[in-house]
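*Asks:* Got a structure for you, questions after.
The values are calculated or read from the model by the stated rules, or taken from the named source; none is laboratory data. None of these values were measured; they are calculated from a predicted model. Cβ: placed from backbone, ideal geometry, glycine included. Neighbour counts: every protein chain shown.
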Amino acid sequence: MSKAILIALVLGIGAGMYIPEIWSAFLDASSSYMLLILLFCVGIDMGVHREVFVQIRRMGLRILVIPLGVVLGSLAGGALCAMLLQGDVMEGIAITSGLGWYSLSGILMTEAGNPAGGAISFLSNVFREVFTFLLVPILARRNVYVAIAPAGATAMDTTLPLLSKYTDSQTAILAFISGVLCTLAVPVLVPFFCI
């Protein structure tokens, strides 16, 4: 998956250098429609996994601890990185509030009038997913709950099989729920911090 992401990015950059400027409006509109389709598919994915809702009821409010920690940790990390790099703190927080959902966060920042921030957000969140694939096997040996954190929003889809492999079924359910809640938070957080 990571190779496919990097290849698509490099091909996109190459294509962007040679396509006519008139295609820009078409591509902007297309990416917005693709984003709506992606959100629709996420909703279907949530609806298909009905047994998750039974697990949520059993766990009660404790279920919110992991995604809340993931969100707060990501936002704090974005602020810290921005301060260390002497950048805009709000922009740093907006970049990391993508929580690993690279396709959405980059588009939202670009549509908010910050194309450079959108590119950085996209790459930052792609790297987050790549590092998740590297870190989960190591972190899961120490603490299965900590292994969920790097995945962010991807814990409900691309990194869920990895989390399931290196943890147990209970942790996989927690990871899925954390991923869903992080996914729902991204469309709210990125525009909020882009202001």
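*Asks:* How many residues does region 152-170 contain that are in a helix (DSSP H, G or I), out of contact with any Leu (no Cβ under 7 Å at 6 or more places or on another chain) and either closer than 14 Å to Ile63 by Cβ or not polar (S, T, N, Q) (or both)? It would help to see each step written out before you state the result.
*Replies:* Keep residues of region 152-170 that are in a helix (DSSP H, G or I), which gives 152-156, 160-166, 169-170.
Keeping just the survivors that are out of contact with any Leu (no Cβ under 7 Å at 6 or more places or on another chain) gives 154, 156, 160-166, 169-170.
With the extra rule that they be either closer than 14 Å to Ile63 by Cβ or not polar (S, T, N, Q) (or both), the set shrinks to 156, 160-163, 165-166, 170.
Going through region 152-170 one residue at a time, the tally reaches 8.
*Asks:* Something else: Given the condition touching a residue at least 24 places away in the same chain (Cβ under 8 Å) and among the acidic types (Asp, Glu), answer yes or no: does some residue in region 152-159 qualify?
*Replies:* From region 152-159, those touching a residue at least 24 places away in the same chain (Cβ under 8 Å) are 152-159; that's our starting set.
Still in the running and among the acidic types (Asp, Glu): 157.
For region 152-159, residues touching a residue at least 24 places away in the same chain (Cβ under 8 Å) and among the acidic types (Asp, Glu): present.
This table checks each residue for (1) more than 22 Å from Met156 (Cβ to Cβ); (2) at pLDDT 90 or above; (3) under 11 Å from the mean Cα position of the chain (by Cα); (4) buried (at least 23 other Cβ atoms within 10 Å of the Cβ).
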position: Gly73; (1), (2), (3), (4): no, yes, no, no
position: Leu99; (1), (2), (3), (4): no, yes, yes, yes
position: Gly106; (1), (2), (3), (4): no, no, yes, yes
position: Asn125; (1), (2), (3), (4): no, yes, yes, yes
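*Asks:* If Leu85 satisfies all but one of (1) loosely packed, with under 14 Cβ neighbours inside 10 Å; (2) closer than 22 Å to Gly113 by Cβ; (3) among the aliphatic types (A, V, I, L, M); (4) modelled with pLDDT under 80, what's the number of the condition it fails?
*Replies:* The failed condition is (4).
*Asks:* Please state which one of Ala140, Ala116 is in contact (Cβ under 8 Å) with a residue 12 or more places away in the chain and either surrounded by 21 or more Cβ atoms within 10 Å (Cβ to Cβ) or farther than 16 Å from Ile63 by Cα (or both). Show your work before the answer.
*Replies:* Working: Ala116 fails: in contact (Cβ under 8 Å) with a residue 12 or more places away in the chain.
Ala140 is the lone residue from the list that is in contact (Cβ under 8 Å) with a residue 12 or more places away in the chain and either surrounded by 21 or more Cβ atoms within 10 Å (Cβ to Cβ) or farther than 16 Å from Ile63 by Cα (or both).
*Asks:* For region 140-151: of the residues being farther than 16 Å from Gly73 by Cα and in a helix (DSSP H, G or I), which is nearest to the chain's Cα centre (by Cα)? Talk me through it step by step, then tell me what you get.
*Replies:* Step one: of region 140-151, the residues farther than 16 Å from Gly73 by Cα are 140-144.
Add one more test, that the residue is in a helix (DSSP H, G or I), and what stays is 140-142.
Numbers: Ala140: 20, Arg141: 24, Arg142: 24 Å.
This residue is Ala140.
*Asks:* Same structure, new question: Being closer than 16 Å to Val65 by Cα, aliphatic (A, V, I, L, M), touching a Cys at 6+ places or on another chain (Cβ under 6 Å) and surrounded by 20 or more Cβ atoms within 10 Å (Cβ to Cβ) narrows it down to one residue among Ala185, Ala153; which is it?
*Replies:* On the way: Ala185 fails: touching a Cys at 6+ places or on another chain (Cβ under 6 Å).
The match here is Ala153.
*Asks:* Follow-up. Looking at region 111-121, is at least one residue small (Gly, Ala, Ser), outside any helix (DSSP H, G or I) and touching a helix residue (DSSP H, G or I) at 6+ places or on another chain (Cβ under 7 Å)?
*Replies:* Initial filter on region 111-121 (small (Gly, Ala, Ser)): 112-113, 116-119, 121.
Imposing the further condition that a residue be outside any helix (DSSP H, G or I) reduces the set to 112-113.
Imposing the further condition that a residue be touching a helix residue (DSSP H, G or I) at 6+ places or on another chain (Cβ under 7 Å) reduces the set to 112.
Looking for residues that are small (Gly, Ala, Ser), outside any helix (DSSP H, G or I) and touching a helix residue (DSSP H, G or I) at 6+ places or on another chain (Cβ under 7 Å), one finds at least one in region 111-121, hence yes.
*Asks:* Which one of these is among the hydrophobic types (A, V, I, L, M, F, W, C) and at pLDDT 90 or above: Ile44, Ile56, Ile37, Ile66? Talk me through it step by step, then tell me what you get.
*Replies:* Numbers: Ile44 fails: at pLDDT 90 or above; Ile56 fails: at pLDDT 90 or above; Ile37 fails: at pLDDT 90 or above.
Just a single option satisfies the conditions, and that option is Ile66.
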